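Engineer: Below you'll find the structure I mean.
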Amino acid sequence: MSARRTLLLAAGGLVLAIGATFLLDPFRNYQLALVAAYLCATAGLTVLVGLSGQLSLGHAALMAAGGYGYALTVNALTGAGVDGVARFLGGVAGAVVVSGVVGLLLGLAGARLHGPYLAGLTLTLVVAVPAVAASVPALQGDRGVRTAFDGVPGPLRSLIALEQWQAWVALAVAAVAVTGLVLLRDGRAGLRMRAVRDDEVAAALAGIVPARVKVLAFAASAVTAGLGGAVLVFVTQSVSPGAFPLALSLLLLVAVVVGGLGSLLGAALGAVLVVLLPWLVGAATDALPLPAAVVQRLDGTLASLVFGLLLIVLVAGAPGGLAGALTAARARRRTRRSLRGAAAPRPTDDPPAALPTTPSTPREPVRTPTEG
Amino acid sequence: MTTMSQLRTRTRPTRTHLARTAGTLALVAVVPLTACSTPAASPGVAEETVTIGTHAPLTGPAAAGYASISAAASAYFDYLNDQGGIHGRTIEYVVKDDAYNPATTQTVVRELVQEDQVLAVVNGLGTPTHGSVVDYLNENGVPDLFVASGSPAWDDPEAHPWTFAFNADYVTEGKVLAHHAQETYDDAVFCVLGQDDDFGTDFTAGLTTVLGELASTQTYSVSNQDVTAQVGAMQAAGCTVNFLATVNGFTALALGTAAKMGYRAQWVSSSSGGDYPTLVGYLGEEVGPALLQGFVSTNYLPFSPDDPWVELFRRVNDEYNDGAPFTGNTVYGMSVAYTFAEALARAGEDPTRESLVEALESGDVVGNGIVPLQFSADSHAAFGGVGITVVDDGVQDYVGSTWTTDRGDGPVTPFDGEPVPLEDEGVPQP
């Protein structure tokens, strides 16, 4: 896909998504904004794991880095009398810088480690970041940093609700993040990442510097995760260590595997699951005639259980995740159709180059989340 | 929704553009319809029910200390409903778990307001958690009643006209405790251990207003379950009277740590972390009572064993709460439920969000504390005074006077009124 077409598609998709917000009530729009925020993170993660073959258990920490970067910049700008769009963009820039630097450092270390060692490093990060954030006075400990409230801009105020506006902003940021990743994936860098993932030695023989490629992948993935964190703070006006626990990191990873590793459609499906599954489980337990104590107990844990089951079922039944299953179904249908049609040749260019249906998916990324 | 399905089912690329244009046009046409939808006149109020909600930590690290509050409140609402409810309506209390995570609080409170259409959010728990939704609730004109936190932040009728506090605030508690300590202990070296947030800061501000500079000021972070360094520093500074702005778990931790170090001091705690039954639960039946002998704490709710309110709450707890352990949280949750019912009774036959707030601002709602509530149009602070409790032989009871003061540098003076008496079996009458 040419870069121009990608950009056009992204713009079209964004307009469509913004149009869709008119069909949703405020709460659904709020959920849509959360989906967009998590999509930034899952998209970055799926490119990192699926394309460059590096495993990160620490994406919640990168989201936190972006969130704190956003909040601190926004507060500094508020102090300097800046507000509105300039303040928001400044905050996003802060998020990009902070998460980018953390991602770069991680990537530099990551390029020297692989498999379980890199997983261990990122795991340390996700445990350490909330602990550091909780004990650094400038980050205001456990209660976190609050930011000023960004309402609907004046001219739109009579037209749309606050949640709808937040969904618009979140979708726009997610569109930028995902488009950036698509361009990266389809460009020369994406090719190099796949080469490094599949065989580092061969890639090096072909003139690629594997370490540089890996660091780039990590930094790009970190920046998009940071954008996700920034969107979360924009929507909720607060960032605190408690919002980015280890469980979220694992959930993000499970989400991209369930959605379909390496596929951006899978990342989107995963983000939807991260937001909707706990809510659906809560609604289901509320609807069942269970004693209050049981409902209380289930509320916090059943979603994780369902996620775990989904993961097991999908990895066993459809290793390509939901997106992979969809692509495979489409391919089967097309094959049937072309077989029915007289002499039409079987399509050979399907499925796309992405990982989901190829069995050569790197082993450790798929296996580790099941253990977590 | 036709547009959505239309868009989803499009298959051929040639149709994409057409469908997209049509879809967008249709969406634009829908704008005026959806955007102007306003909520019903009084959400949450139906023919026979009133629906309210709260956010509370039912899972996660804070659950151990606070999950019992909403359970106690629910039990009291069940009791009221069995007595016929308020104005013939039963009260439905929707409790959502936020795991003490502000991001989750945001989600569940939106769910309460937009999905469950609650009349009010009652007793949302926690300073950081509730702080993340206070703007949202006020923006949407949702009564935000009796926040379960002693932060003075809730008393700001100009910025947050819909928000009302419930706890006596931490500054008041600090000032009264400091005054009590000053009068009680001679030649004492005063120190404080506080949580590293508004709780600790506000409480310490109250202390220093009365006592001046303290010999040692220590802080802890909830995410770090070790206060050895802090207690050690207090011991080294020669502290003899230690104030605590700690939650129950950390009160127990501080006392236990000091005992292990062989460090004896007088411990004086804010009400948030001074609940005897809960502390014994943490410290264990064996050493708890010994460590807590003479332990001093503030309170503003009925707590004496023979108080009629406490007797009623014990009965309700046995009958509607499966006989759960009876602690300060039980009294707290039931008091919140009683106070809300009283506000609802005063809000008129057909309560609305506005009439609920009017009832509170009129000052007619007095609650059930040892001092009456002091809500008015200018003040959304709940209790202006607190009493002192001391543990003796395993019984935590009030001693001496009840004290009132302000959040500034005003004096601490004895309260000359009476606690609010129990009437009509705890069922508020209109």
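Engineer: For peptide A:140-151, compute the average count of partner chain beta-carbon atoms within 10 Å of each residue's beta-carbon.
Structural biologist: Average per residue, whole number: 5.
Engineer: Between B:Val366 and B:Asp226, what is 0.36 nm times their sequence separation minus the Cα-Cα distance? Round to one decimal in nm.
Structural biologist: Working: separation 140, 0.36 × 140 = 50.40 nm, distance 4.06 nm.
Length gained between B:Val366 and B:Asp226: 46.3 nm.
Engineer: In whole Å, what are the Cα extents of the range A:65-177 along the three principal axes, biggest one first?
Structural biologist: Extents along the principal axes, in whole Å: 54, 33, 21.
Engineer: Now a separate question. Using alpha carbons only, how many degrees (0 to 90, rounded to 10) separate the axis of helix A:3-20 from the longest principal axis of chain A?
Structural biologist: The two axes meet at around 50 degrees.
Engineer: Hey, rough spin-label estimate for B:Ala237 and A:Thr124, points 7 angstrom out along Cα→Cβ, what's it come to in nanometres?
Structural biologist: 3.5 nm
Engineer: Now for a different question. Taking the Cα centre of the protein assembly as shown as origin and charging only Cβ (+1 Lys, Arg; -1 Asp, Glu), how large is the dipole, in debye to the nearest 20?
Structural biologist: Values: 42 positive and 69 negative charges, 1550 e Å.
In total the dipole reaches around 7440 debye.
Engineer: Report the charge-dipole magnitude of the range B:204-334 in Debye, nearest 20, computed about the Cα centre from +1 at each Lys and Arg Cβ and -1 at each Asp and Glu Cβ. Numbers along the way, then the final one.
Structural biologist: Working: 4 positive and 11 negative charges, 95 e Å.
With only Lys, Arg, Asp and Glu charged at Cβ, the dipole is about 460 debye.
Engineer: Would you mind working out the accessible area per residue for the protein assembly as shown, using a 1.4 Å probe, and quoting it in Å²? Please list the in-between numbers first.
Structural biologist: On the way: 33130 Å² over 802 residues.
Spelled out: the 1.4 Å probe surface of the protein assembly as shown, per residue, equals 41 Å².
Engineer: Going out from 0 in 20 Å bins, what whole percent of all Cα-Cα distances in chain A drops into each bin?
Structural biologist: 28, 58, 14, 0
Engineer: Relative to the first principal axis of the alpha-carbon coordinates of chain A, what is the inclination of helix A:246-259, with its axis defined by its Cα atoms, in degrees from 0 to 90 and to the nearest 10?
Structural biologist: Tilt of helix A:246-259: around 40 degrees.
Engineer: For the range B:255-382, what log10 I(q)/I(0) values come out of the Debye formula at q = 0.10 1/Å, with one point per alpha carbon and no solvent?
Structural biologist: -0.45
Engineer: Further question on the same structure: Roughly how much accessible area, to the nearest 100 Å², goes out of reach of solvent when A and B pair up, both sides summed, probe 1.4 Å?
Structural biologist: Details: alone 17720 and 18470 Å², together 33130 Å².
Approximately 3100 Å² gets buried when A meets B.
Engineer: Now for a different question. Which of the GluC sites (Glu not before Pro) found in the range B:359-430 are in a DSSP loop and have at most 12 neighbouring Cβ atoms, other than their own, within 10 Å? Walk me through the numbers on the way to the answer.
Structural biologist: Working: sites: B:Glu361, B:Glu423, B:Glu425; in loops: B:Glu423.
Counting only loop positions with at most 12 other Cβ atoms within 10 Å, the GluC sites (Glu not before Pro) in the range B:359-430 are B:Glu423.
Engineer: In addition: What is the P(r) of the range A:1-62, as percent of Cα-Cα pairs per 10 Å bin from 0?
Structural biologist: 18, 34, 35, 13
Engineer: Where in the range A:101-205 are there chymotrypsin sites (Phe, Trp or Tyr not before Pro) that are in a DSSP coil and have at most 16 other Cβ atoms within 10 angstrom of their Cβ?
Structural biologist: Hits after loop and neighbour filter: A:Phe149.
Engineer: Moving to a separate point now. Going 7 Å from the Cα of A:Ala211 toward and past its Cβ, which residues in the range A:112-154 have a backbone nitrogen under 13 Å from where you end up?
Structural biologist: Counting only backbone N, you get A:112-113.
Engineer: Still on this structure, please answer the following. Share of the range A:192-308's accessible area from carbon and sulfur, percent, 1.4 Å? Could the numbers behind the result be given before it?
Structural biologist: Numbers: 3100 of 4330 Å².
Reported share for carbon and sulfur atoms: 72 percent.
Engineer: For B:Gly124, what residues show an amide H to amide H distance below 5 Å, using hydrogens built from the backbone and excluding near sequence neighbours?
Structural biologist: B:His55, B:Ala148
Engineer: How large is the convex hull of the C-alpha atoms of the range A:223-278 per residue, in Å³?
Structural biologist: Enclosed volume per residue, from the Cα hull, is 91 Å³.
Engineer: Helix A:264-287: angle to the longest alpha-carbon principal axis of chain A, degrees 0 to 90, nearest 10?
Structural biologist: Approximately 60 degrees, to the nearest ten.
Engineer: Average the reciprocal distances over every distinct pair of alpha-carbons in the range B:235-316, invert the result, and give the Kirkwood radius in Å. Intermediate values should be presented prior to the final figure.
Structural biologist: On the way: mean 1/r = 0.0734 Å⁻¹.
Computed over the range B:235-316, the radius equals 13.6 Å.
Engineer: Taking every alpha carbon pair in chain B, what does the distance histogram look like in 10 angstrom bins from 0, in percent?
Structural biologist: So the P(r) values, bin by bin, are 4, 21, 30, 22, 11, 6, 4, 2, 0, 0.
Engineer: Moving to a separate point now. Measure out, as a whole number of angstrom, how far apart the alpha-carbon centroids of the range A:72-145 and the range A:185-201 sit.
Structural biologist: For the range A:72-145 versus the range A:185-201, the Cα centre distance is 28 Å.
Engineer: Using only the Cα atoms of the range B:304-353, what do you get for the radius of gyration and for Dmax, in Å?
Structural biologist: So, for the range B:304-353, Rg and Dmax equal 13.1, 37 Å respectively.
Engineer: Give, in whole angstrom and from largest to smallest, the semi-axes √(5λ) of the equivalent ellipsoid of the range A:135-201, with λ running over the eigenvalues of the Cα gyration tensor.
Structural biologist: Details: eigenvalues 284, 116, 10 Å².
For the range A:135-201, the ellipsoid semi-axes come out as 38, 24, 7 Å.
Engineer: Could I ask something else about it? Using θ = phi - 60° and the Karplus form 6.51 cos²θ - 1.76 cosθ + 1.60, what ³J(HN,Hα) does each residue of the range B:235-241 get, whole Hz, x for Gly and Pro?
Structural biologist: Here the 3J(HN,Hα) series is 5, 5, 7, x, 5, 10, 10 Hz.
Engineer: Mind listing, in residue-number order, the residues in the range B:88-113 that have at least 10 Å² less accessible area with every protein chain present than in their own chain alone (1.4 Å probe)?
Structural biologist: Going by heavy-atom accessible area, the residues of the range B:88-113 that drop by at least 10 Å² are B:Lys96, B:Asp97, B:Asn101, B:Pro102, B:Ala103, B:Gln106, B:Thr107, B:Arg110, B:Glu111.
Engineer: Hey, another quick one. Quick one: pull the percent of accessible area on the range B:108-216 belonging to carbon and sulfur, 1.4 Å probe, ligands and nucleic acids left out.
Structural biologist: Values: 1230 of 2940 Å².
Carbon and sulfur: 42 percent of the exposed surface of the range B:108-216.
Engineer: Further, regarding this structure: When ranked by the protection proxy of mean other Cβ atoms within 10 Å per residue, highest first, what sequence do the peptides A:234-240, B:130-136 form? Walk me through the numbers on the way to the answer.
Structural biologist: Working: A:234-240: 26.0, B:130-136: 23.9.
Descending mean neighbour count gives A:234-240, B:130-136.
Engineer: Continuing with this model, one more query. Straight-line reach from B:Lys96: which aspartates and glutamates have a Cα under 13 Å away, not including same-chain ones fewer than 8 places off?
Structural biologist: Once the sequence-local aspartates and glutamates are set aside, what remains near B:Lys96 is A:Asp286, A:Asp299, B:Glu111, B:Glu115, B:Asp116.
Engineer: Among bridges DSSP assigns within the protein assembly as shown, what percent are antiparallel (round to 5)?
Structural biologist: Working: 18 of 48 bridges.
Taking every DSSP beta bridge with both residues in the protein assembly as shown, the antiparallel ones total about 40 percent.
Engineer: Rg to Rh ratio, the range B:158-263, alpha-carbon atoms and Kirkwood radius? Could the numbers behind the result be given before it?
Structural biologist: On the way: Rg = 14.6 Å, Rh = 14.4 Å.
Expressed as Rg/Rh, it is 1.01.
Engineer: Per residue of A:15-26, how many C-beta atoms from partner chains lie within 10 Å of its own C-beta, taken as a mean?
Structural biologist: Mean partner-chain Cβ count within 10 Å for A:15-26: 5.
Engineer: Further question: For the protein assembly as shown, compute Rg over Rh where Rg is the Cα radius of gyration and Rh is the Kirkwood radius from the inverse mean 1/r over Cα pairs.
Structural biologist: On the way: Rg = 28.9 Å, Rh = 28.5 Å.
Radius of gyration over Kirkwood radius for the protein assembly as shown works out to 1.01.
Engineer: Take B:Asp307, B:Asp318 and sort them by solvent-accessible surface of the protein heavy atoms, 1.4 Å probe, largest at the top. Don't skip to the answer; put the middle values down first.
Structural biologist: Numbers: B:Asp307 35, B:Asp318 105 Å².
The residues order as B:Asp318, B:Asp307, largest area first.
Engineer: Rg(Cα) of the range A:1-141 divided by 2.2 N^0.38 Å? Working shown, then result.
Structural biologist: Values: Rg = 17.8 Å, N = 141, 2.2 N^0.38 = 14.4 Å.
The range A:1-141 yields a ratio of 1.23.
Engineer: Ok, one more. Place +1 on the Cβ of every Lys and Arg and -1 on the Cβ of every Asp and Glu in chain B, take the dipole about the Cα centre, and give the residue among B:Thr59, B:Val331, B:Gly387 whose Cα lies farthest towards its positive end.
Structural biologist: Farthest towards the positive pole: B:Thr59.
Engineer: Could I ask something else about it? Leaving ligands, DNA and RNA out of it, report the carbon-plus-sulfur percent of the accessible area of the range A:29-125 at a 1.4 Å probe. Before the final figure, lay out each step's value.
Structural biologist: Details: 2340 of 3060 Å².
On the range A:29-125, the fraction of accessible area on carbon and sulfur atoms equals 76 percent.
Engineer: Calculate the spin-label point distance for B:Ala324 paired with A:Ala329, positioning each point 7 Å from the Cα along the beta-carbon direction, and give it in nanometres.
Structural biologist: 4.4 nm
The values are calculated or read from the model by the stated rules, or taken from the named source; none is laboratory data. Since this is a predicted model, take the numbers as computed values, not measurements. Heads up, the Cβs are rebuilt from the backbone with ideal geometry, glycines too, and the neighbour counts pull from every protein chain shown. Protein only, heavy atoms only, side chains kept; ligands, DNA and RNA dropped before computing areas. Shrake-Rupley method; radii C 1.70, N 1.55, O 1.52, S 1.80 Å.
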